[in-house]
Each structure stands twice: as structure tokens, then as C-alpha cells.
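Here is the structure we will look at, set down as C-alpha cells.
Quick note: the coordinates plus some simple rules give every number you see, no bench work behind them. Note that this is a predicted model, so its numbers are computed, not measured. Every residue, glycine as well, gets a Cβ built from its backbone with ideal geometry; the counts of neighbours run over all protein chains shown.
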Amino acid sequence: MPYILDNRLVVGLASSALFDLEESDAIYRTRGPIRYREFQREKQDVPLSQGVAFPFIRRLLSLNELDPENPPVEVVLLSRNSPDTGLRVMNSIEHYRLGMTRAVFLEGGTPHRYIPALNISLFLSANEADVRQAIHAGMPAGQVLQSQFSDLDDDRELRIAFDFDGVLADDEAESVFQTENLVAFQMHELEKALVPHSPGPLKTFLEKVAGIQLMEEQRAEADSAYVKKLRIAIVTARSAPAHRRVINTMRHWGININDAFFLGGIEKKKVLEVLNPHIFFDDQKLHLESAASVLPSVHIPFGITNQA
């Protein structure tokens, strides 16, 4: 009987997002593919160090405890390695007991072509070119940025934070701001306060996450001892009155957000340091450069702010 992905949250993951491949990449760049293959064979039983997206993925997969017989989360390795050089990655996944069993090895091929086939709602990679190709093809993808974040928390909570425009919603409103000014943006959003935004790249991903959040709520109602893990936040540069359209859009989509920060130009890093999400998605690198120094950050190269 086939394993159906349609009703699951599927994340596609490059090995560069999950593990620290700095040493391996340096060997490939300076000594070529033959020495790289030899190196990975020599080290195939040496686990790779955890990468930026590792804490997010580990906690995301733990949500499968909600229904072990029909797990709601599937993470598929989508790698540019060959099966030979990729063996070390799979061995490292097994070492950390991540519960990832499905993988695609393409030996330099283009990963984003397989996103629709695998019903992937989010593709993460440290390779900027791969991510941009996916976004340009209308697929949900983000570039994991380098970070010094270390997941030292013992709690089981998973905190996911999103910017709004150009991430969850399209860039309609952002285009008004970029081509006109803040006043025009505020007027535009006030006039359209009751008109839901069109979806952005990660709307489906958020929708799937919200579905798992509903599973948690149902579990907590049935079992008073169950402690919910998922917490979803929006951290946006919007402020009143532009907040109304965000809230109405979430209502229209049937999605519950735990926290919302309408910062009106206040530096996001200061709030994010307190919120301490395990991953934060934003379409503007300007906001991510400071945030990435303290937490796992993902650039979504979508919309007018990334057209250059």
C-alpha cells in the first residue's frame, strides 16, 4: 500500500541546512570532487555536527508522537550529493535518531523539481541559488543563514516565527510601501482591512502547521496531562491600523496565531531574542542579518524586495 503524503506536513531538507558542512564544502571547493568523495567515505561513520535547522527539525519530528501510526510530519532529505557521498549524511541522521528515512540524492541535480512530486510545503537549503530557483518557479523555499544559535533548552516546545508580507502573504502591500511611502501603505491597508491577502510562499506550510496545532488542542482536551508543544508567532514591521488586515486574513484562512508583534519599525532582533524561536522566516535580509546572529533565520527571496 503506498505511503500517502497529501495530508502530512512535508519538509524537504538539504543536508547543508541540517548539518554543518563547512569542512566538507571546503574540501570540495579546494581539492575537487574526487577528493571530496574519498573524504566522505573515510568519514562516513563520523557524525556531522548539527547545523542551523537541526533544532527546528528535531522538534518538528517530535510532533509525530501525536499519532505514531499515522505521523503528521514527514521530512525528506533532498540532497545534491550522490548516494555514495550522501551515505555519511544518512548515517548522521541515524546517529541523532531523527526519524528521517526518506531521501533523494541528485549528484549535482536541481532539487526544486521534486518539490511538487513529494508534496513539499517547505524546502530549506543553505544554497542560495537552489532556493532562488525554487521561489522563481513558484515553490515554497527558504535559505538557511549562518547562525551561532545553540539549542540548549530542555523543554519540548517548538516556536516558529514568521514575518507577514512576502512570507505568509504576497507582496501586494509591500509593493505599495516600496513604490510609494508609509502613508500610502497605511491607507491602502486600511481601505482593504476586510479583504484577505493572497497567499505568499509559506501560506501552505503555515496551514499544515496550524493543522497539527489543532491536533494538539484536541489531544489536550482529551488528556489533561498533555502539554502542547507548538507556538506560532508573527513578527512584522506593520503597526496600527495595518494590523487589522493581518488578523482578518488569519481568520479567513482559519489559522490561529499564538503571538503577534506589530512593531512599526522597532528592531525585530530585540523582540526575537526574548521570543527565542527555533526558526524565523523573513523576506528581507536587512531584518535577518542581525537576527541570524542569535537565532536560526531563513531568508525567503520572494517579492519586490528581492527583485534586484
| Candidate lysines - alpha carbon under 29 Å from Lys268, same-chain residues fewer than 8 apart omitted | Lys192, Lys203, Lys208, Lys228, Lys229, Lys285
| task | Please quote Rg/Rh for region 158-306 to two decimal places, taking the Kirkwood radius as Rh and restricting both calculations to Cα atoms. | result | 0.98
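Calculated FRET efficiency, Gln146 and Glu216, Cβ-Cβ r, R0 22 Å, to nearest 0.05?
With a Förster radius of 22 Å, E is 0.10.
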| message | Running a GNM on the chain with Cα contacts under 10 Å, which residue among Ile279, Ile247, Ile160 ends up with the highest mean-square fluctuation? | response | Ile247
| said: Quick check: convex hull of the Cα atoms in region 1-80, volume per residue, rounded to a whole Å³? | reply: 129 Å³
| With each label point set 7 Å from Cα along the Cα-Cβ vector, what nm distance links Glu65 and Glu94? | 2.5 nm
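Neighbour counts of other C-beta atoms within 10 Å: give me Thr110, Thr85, Thr305 arranged from fewest to most.
Values: Thr110 13, Thr85 23, Thr305 20.
Least to most surrounded, the residues fall as Thr110, Thr305, Thr85.
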| said: If you scale each eigenvalue of the Cα gyration tensor by 5 and take the root, what three semi-axes come out for region 9-144, rounded to whole angstrom and sorted largest first? | reply: 24, 19, 12
| said: Restricting to DSSP loop positions (anything but H, G, I, E, B) with no more than 15 other Cβ atoms inside 10 Å of their own Cβ, which trypsin sites (Lys or Arg not before Pro) remain in region 107-160? | reply: Arg156
| request: Kindly list the residues of region 33-75 that lie in the label zone of Ser82, defined by a backbone N under 11 Å from the point 7 Å along the Cα-to-C-beta vector. | output: 33-38
| note | If unit charges are put on Cβ atoms (+1 for Lys and Arg, -1 for Asp and Glu) and the dipole of the chain is taken about its Cα centre, the option from Gln213, Met187, Gln133 lying farthest towards the positive end turns out to be Gln133
| query | In whole Å, how far is the Cα centre of region 79-131 from that of region 252-308? | reply | 25 Å
| query | Using 0.36 nm per residue, how much length does the chain from Thr30 to Glu42 gain when fully extended, once their Cα-Cα distance is taken away? | reply | 2.6 nm
| note | To the nearest 0.05, the calculated FRET efficiency linking Lys285 and Ala240 through their beta-carbon distance, R0 being 30 Å, is 0.70
